[in-house]
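Every number in this text was worked out from the coordinates using simple rules, so none of it is lab data. Just so it is clear, the model here is predicted, and its values are computed rather than measured. Cβ: placed from backbone, ideal geometry, glycine included. Neighbour counts: every protein chain shown.
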Amino acid sequence: MIGKDTLADKGNYVSFINFIARAVERTLDIYLKILMPSKKGKEKFVPLAELAKSTKFTEKYLNLLARNGKLEAHKEGRNWLSSIDALKRYLDSRERIRK
């Protein structure tokens, strides 16, 4: 865009920062998916909406756990994916903390 000022040129960096953050997140998701231990590679990863149907948790709650790093999950596109085994590990770790 030659000759036109962008928002960042005018001091509004929010859109630019969001763009960079999304690019970094996509890259990290790729690396994390590759680096997962082999036993987890055999797990069936499903969208959180599907995982929520077979648990007592809502998709929204599972999404919160994933975004906060409490539930092992990764993003593919716009969707978070996790597994029933990852959810069991989260629940087990939560029980150990409470005791």
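A few remarks follow.
- Normalised by 2.2 N^0.38 Å, where N is the number of residues, the alpha-carbon radius of gyration of the stretch 45-84 equals 0.98.
- Long-range amide H partners of residue 80 with built H, under 5 Å: 48
- Local charge for residue 21 was computed over the other residues whose Cβ lies under 15 Å away, with Lys and Arg +1 and Asp and Glu -1, and equals +3.
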